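Q: Before anything else, here's the structure in question.
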Amino acid sequence: MPPSRLSFQLEAQASDSRARAATFQTLHGVIKSPLFMPVGTQATVKAQLPEALEAAGSQILLANTYHLLLRPGPEVFRKMGGIHRFMKWPGSVLTDSGGYQIFSLPHSRSMTEAGAVFQSYVDGQRILLSPELSIQTQMAIGSDIMMVLDQCIPSTADEKAARAALQVTQRWAVRSLAAREESPQSMFAIVQGALYPQLRRESAEGLMQMPFDGFAIGGLAVGEAKQEREDVCELTAALLPADRPRYLMGVGTPLDVLEAVHRGVDMFDCIIPTQVAKRGSCFTSRGIVELRRSVYKFADEPLDPMCSCPVCAKYSRAYLHHLTKTQEPLGWQLMGQHNIHFYHELMREIRQSILEDRFLKLYQEKRQ
RNA sequence: GGGUAGAUGCCCGAGUGGCUAAAGGGGGCAGACUGUAAAUCUGCUGGCUAACGCCUACGCUGGUUCGAAUCCAGCUCUGCCCA
């Protein structure tokens with residue numbers, strides 16, 4: 001296999017856990033893992049300024065090919081010189097392929113060998129999202145890391161459906177690599193196979209034959225129990241090459257992330273920190289704080305006294321409570337900023353503990 | 001002073017003889033959200049009780065009726081119009 005385009009460097013491997021710390025190089029800079037990618041579906045992390053993300057320690061954002069294909073469309077990215085310049089984000093970007101939208105969008109129509117047929121929610125037109133169109137779009141967007149189009153199915157799917165999905169994903173992976181042509185962008189493959197160990201193995205082994213720059217674990221956090229998720233994650237991560245980043249797609253809660261790092265995963269993304277911020281839920285050193293609760297009406301204290309983020313330095317719980325109750329956009333912004341900071345701080349803490357080979361201890365403390 | 005419209009649960013508001021502890025909102029309480037179409041979705045929300053059930057409730061007082069938030073009378077208060 002050719003060397004990864006990401007120059008993946010393993011820095012530390014925990015002695016009593018599969019947790020590991022690494023650095024790698026994208027077209028936009030050096031990245032340190034384990035890491036969390038805020039989700040910026042539509043070329044914006046909802047309610048967040050790029051400078052706030054940068055200050056919180058975001059290294060790489062996730063954007064979505066399907067949504068950006070529909071609007072503003074690839075030609076805008078070509079004209080504007082790519083997503084980084086377009087949204088004024090200096091860091092790295094990973095684009096998801098649209099595979100998840102096959103699973104999540106109500107207007108998805110049909111799956112064929114050619115691709116997935118959607119009805120656009122923008123103008124109703126039928127769109128065939130093929131592996132080639134996904135990659136061409138991701139090239140236009142200009143992300144640092146492209147994802148292959150995969151067929152994401154509910155984790156509770158039966159074996160026959162799961163096998164079919166992973167086999168399609170496999171063939172689409174071949175086509176995706178070919179579609180990249182001369183682009184310097186990196187590309188990750190996605191392991192599928194629902195909750196069947198044999199299928200996960202089959203999927204991983206097939207994809208590892210091809211020169212991908214990293215490997216993702218897909219099809220989790222889509223209906224299975226926590227224990228099942230962790231088992232499949234553990235099994236799959238162990239199959240993947242040690243010299244490539246491992247990315248658990250769409251996961252998860254802080255605890256999910258901790259569990260997955262322990263099982264050898266390097267990269268994560270999740271909508272949770274920005275999604276729940278909209279409804280006033282915040283992660284703190286003392287657990288989740290639901291700021292919509294009236295008990296915070298007169299709470300003249302920071303959201304989390306242990307937190308070093310600008311929001312906790314400046315604003316009271318009472319103010320954040322008020323912003324949530326009145327559904328003021330600033331509340332979403334501030335609480336999202338805090339939550340993203342919380343995730344990054346967690347990842348920094350995890351990474352530092354791995355570098356000092358005390359991850360397992362941290363893991364055990366955090367699980368309590 | 002005269003006329004007229006109204007007074008419903010924490011708030012707004014529907015109901016206009018029995019199916020009404022009373023629609024629907026809001027507020028409150030609780031929960032969900034994991035590669036984000038959708039600031040969304042789901043419970044509960046008079047009191048006591050584990051529950052059966054009991055009590056209290058549609059401005060106040062009385063009346064009609066087997067039965068009244070709903071009909072009648074008087075009163076109180078509020079909005080609007082006229083003097």
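Q: Under the Karplus relation 6.51 cos²θ - 1.76 cosθ + 1.60, θ = phi - 60°, what is the ordered set of whole-Hz ³J(HN,Hα) values for region A:131-136, x standing for Gly and Pro?
A: 3J(HN,Hα) across region A:131-136, in whole Hz: x, 5, 5, 4, 5, 4.
Q: Does region A:244-286 come out rounded, prolate or oblate, given a ≥ b ≥ c as the square roots of the eigenvalues of its C-alpha gyration tensor, rounded meaning a/c under 1.5 and, failing that, prolate meaning a/b above b/c?
A: Working: a/c = 3.83, a/b = 1.85, b/c = 2.07.
Oblate shape, in that a/c is at least 1.5 and b/c is the bigger or equal ratio.
Q: Counting trypsin sites (Lys or Arg not before Pro) as exposed when in a DSSP loop with at most 10 other beta carbons within 10 Å, what is the longest stretch of chain A free of them?
A: Values: sites that count: A:K88, A:R286.
Value returned for the longest uninterrupted segment is A:89-285.
Q: Further question: What does the charge dipole of region A:138-213 about its Cα centre add up to, to the nearest 20 debye, if the Cβ of each Lys and Arg holds +1 and the Cβ of each Asp and Glu holds -1?
A: Working: 7 positive and 9 negative charges, 49 e Å.
With Lys and Arg at +1 and Asp and Glu at -1, about 240 debye.
Q: Could you work out the mean projected area of the convex hull around the alpha carbons of region A:82-131, in square nanometres to one decimal? Intermediate results must be reported in sequence, preceding the final value.
A: Working: hull surface 17.9 nm².
Value for region A:82-131: 4.5 nm².
Q: Return the ratio Rg/(2.2 N^0.38 Å) for region A:231-342, where Rg is computed over Cα atoms only. Please list the in-between numbers first.
A: Numbers: Rg = 16.7 Å, N = 112, 2.2 N^0.38 = 13.2 Å.
Ratio of Cα Rg to 2.2 N^0.38 Å: 1.26.
Q: For region A:113-164, just list the percent of Cα-Cα distances falling in each 10 Å bin from zero outward, please.
A: Histogramming region A:113-164 at 10 Å steps yields 21, 38, 34, 7 percent.
Q: Please state, rounded to one decimal and in Å, the Kirkwood hydrodynamic radius that chain A gives when every pair of distinct Cα atoms enters the mean of 1/r.
A: Over chain A, the inverse of the mean reciprocal pair distance is 20.9 Å.
Q: Would you grab the residues whose amide H sits under 5 Å from the one on A:V251? Only those 5+ places off in sequence or on another chain, please, with H modelled 1.01 Å from N.
A: A:D269
Q: Determine ³J(HN,Hα), in whole Hz, for all residues of region A:175-192 in sequence, where each value follows from phi through the Karplus function 6.51 cos²θ - 1.76 cosθ + 1.60 and θ = phi - 60°; x replaces Gly and Pro.
A: Once θ is set to phi - 60°, the couplings for region A:175-192 become 5, 5, 4, 5, 6, 5, 6, 9, 4, x, 5, 7, 9, 10, 8, 10, 7, 10 Hz.
Q: Hey, quick one: spin label on A:S308, modelled 7 Å out along Cα-Cβ, who in region A:343-368 has an amide N within reach, i.e. under 17 Å?
A: Inside the label zone: A:343-356.
Q: How are the Cα pair distances of region A:214-266 distributed, in percent, across 10 Å bins from 0?
A: 28, 62, 11, 0
Q: Compute the FRET efficiency between A:R358 and A:E228 as 1/(1 + (r/R0)^6), taking r as their Cβ-Cβ distance and R0 = 41 Å, and round to the nearest 0.05.
A: Efficiency, rounded to the nearest 0.05: 0.90.
Q: In Å³ and rounded to a whole number, note down the convex hull volume per residue for the Cα atoms of region A:67-156.
A: Working: hull volume 9.0 nm³, N = 90.
It comes to 100 Å³ per residue, whole-number rounded.
Q: Any chance you could count the Lys pairs in chain A whose alpha carbons are under 28 Å apart, treating pairs 8 or more apart or on different chains as valid?
A: 27
Q: Right, here's the next one. Can you report the principal axis dimensions of region A:1-154 using only the alpha carbons, biggest first, rounded to whole angstrom?
A: Ordered largest first, region A:1-154 gives principal extents of 51, 33, 30 Å.
Q: For each cysteine in chain A, check whether another cysteine's C-beta sits under 4.7 Å from its C-beta; list those where none does.
A: Here A:C152, A:C233, A:C270, A:C282, A:C309 come out as lacking a disulfide-compatible partner, given the Cβ-Cβ threshold of under 4.7 Å.
Q: Still on this structure: When the chain is fully extended, how far beyond the present Cα-Cα distance does A:Y121 get from A:E349, taking 0.36 nm per residue of separation?
A: 78.0 nm
Q: Find, to one decimal place in angstroms, the Kirkwood hydrodynamic radius of region A:158-227, where the mean of 1/r is taken over every pair of different Cα atoms and then inverted.
A: On the way: mean 1/r = 0.0787 Å⁻¹.
Final number for the Kirkwood radius of region A:158-227 is 12.7 Å.
Q: Distance between Cα centroids, region A:89-125 to region A:15-56: provide it in whole Å.
A: Computed from Cα coordinates, the inter-centre distance equals 23 Å.
Q: At R0 = 35 Å, how high is the FRET efficiency between A:E54 and A:D16 if r is their beta carbon distance? Nearest 0.05 is fine. Don't jump to the answer; show the numbers that get you there.
A: Numbers: r = 34 Å, r/R0 = 0.98.
The pair A:E54/A:D16 has a calculated efficiency of 0.55.
Q: Roughly how far apart, in whole Å, are the Cα centres of region A:154-221 and region A:285-355?
A: Result: 37 Å between the Cα centres.
Throughout, read-outs are computed from the coordinates displayed, never taken from laboratory work. Worth saying up front: this structure is predicted, and the values here are computed from it rather than measured. No Cβ is skipped: glycine too gets one built from the backbone with ideal geometry, and neighbour counts run over all protein chains shown.
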